[in-house]
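The values are calculated or read from the model by the stated rules, or taken from the named source; none is laboratory data. Computed from a predicted model, the values in this text were never measured in an experiment. All Cβ positions, glycine included, derive from the backbone under ideal geometry; neighbour counts span all protein chains shown.
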Amino acid sequence: PGTTSNITDILTGRCEEYRKCLLGEPCLPFYRNVKCRAAVESFFKGIRNMDPCATPDNAYDEFLNMVPPTTVRGTTMFWSGVMGNNIPQDVAQVTPEFSVLEETFPGYMAGNLSWCGATDGDGTGLGLNFTVCPTWTSETCPNNTKAAFWARASKMLATQAVGDVYVVLNAQRAGGAFNNGSIFATIEAPNLNQDVVTNVAIYLIPDFTLPIPNEMYRETCTNGSVLYLQNFLMNMNFNVTCEENPKEIMWLQCARFANSPYCGPYAKGTPVV
Ligand code: AVW
């Protein structure tokens, strides 16, 4: 995939927007003092002149400590397997009850950008590749520059979450709604704090991007990988709830895909009036 050639300007601009509280997100006094030039410099510091597939886990730590992801108690929302149409992000943006990583300071800065380190120099002298970045795969490029960023930011998001938390999962994800290799499974769920997280609410949503709802692979709250996840979380001593087709998310899905069989008066679970 191509890279974001003007990434330095974009990061700087977004940093200024966030720190000046122009975005309608919860805005901490702490953020006001962020020095955006220094923050952007630290963003690149750990990845310049680095192999884009051998990024150290801690490459972004200095940056993430300058602009840590923070969420209001009881609002942290994780998601997994539902990236195609931005539904959790869009719901969270108009619903103060939910906050996703993309709304936090580091998530907002890096959202929808593409970047990577380069060892061979591409003429810019910046130690970054401004042409093309290797695609993440567990075999060929496990410690991808970009994946390392989202992994570390996700870990910090989970670690600081307090009160009720939420996770949006795709009931029709191939291989199961709860994917063992996902960031949610490997990084976020294991880093939730039993002492301060009061409930994990699983929101299981249908995949509206499928041409025909594929009921054959549709998981429910009582079977498959979702049941496994509930047991996994309960064994970690969390309170867990699970809801299929939750109205908190479905309203936006149905607004976007109005003709879906999951929407309208005859949809399953909706009373016919
Ligand atoms: P996935 P995961 N912007 O659908 O549980 C761009 O299996 O693995 O879900 N790419 C991103 C972003 C982002 N904001 N976030 C993650 N990615 C990458 C962060 C990442 O490499 C949120 F808090 C991931 O493997 C969610 O709770 C892939 O996109 C959780 O992590 C999505 O795979 C979603 O990661």
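Per-residue answers, yes or no, for (1) buried (at least 20 other Cβ atoms within 10 Å of the Cβ); (2) touching a residue at least 40 places away in the same chain (Cβ under 8 Å); (3) under 17 Å from Tyr108 (Cα atoms):
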residue: Lys35; (1), (2), (3): no, no, yes
residue: Ser42; (1), (2), (3): no, no, yes
residue: Asp51; (1), (2), (3): no, yes, no
residue: Asp57; (1), (2), (3): no, yes, no
residue: Tyr60; (1), (2), (3): yes, yes, yes
residue: Arg73; (1), (2), (3): no, yes, no
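If you take the residues of the range 101-110 that are within 11 Å of the ligand (Cβ to nearest atom) and either over 20 Å from Lys155 (Cα atoms) or in contact (Cβ under 8 Å) with a residue 24 or more places away in the chain (or both), which of them is surrounded by the fewest Cβ atoms within 10 Å (Cβ to Cβ)?
The extreme case among them is Tyr108.
Could you tell me how many of the residues in the range 221-273 are under 25 Å from Leu210 (Cα atoms), among the hydroxyl-bearing types (Ser, Thr, Tyr) and at pLDDT 95 or above?
Going through the range 221-273 one residue at a time, the tally reaches 3.
Counting just the residues of the range 172-188 that are of a type in the set (A, V, I, L, M) and at pLDDT 95 or above, which one comes out nearest to the ligand (Cβ to nearest atom)?
The initial filter retains those residues of the range 172-188 that are of a type in the set (A, V, I, L, M), namely 174, 177, 183, 185, 187.
Subsequent filtering for residues that are at pLDDT 95 or above retains 177, 183, 185, 187.
Details: Ala177: 10, Ile183: 3, Ala185: 7, Ile187: 7 Å.
Looking at residues that are of a type in the set (A, V, I, L, M) and at pLDDT 95 or above, I get Ile183.
Give me the residue from the range 116-131 that is touching a Ser or Thr at 6+ places or on another chain (Cβ under 7 Å) and at pLDDT below 85 and, out of that set, surrounded by the most Cβ atoms within 10 Å (Cβ to Cβ).
For the range 116-131, the residue satisfying everything is Phe130.
Pairs under 7 Å by beta carbon, first residue over 11 Å from Phe78 (Cα atoms) in the range 166-187, partner within 8 Å of the ligand (Cβ to nearest atom) and of a type in the set (Val, Ile, Thr), six or more apart or different chains?
That search, which allows pairs on different chains as well, returns Asn170/Val82.
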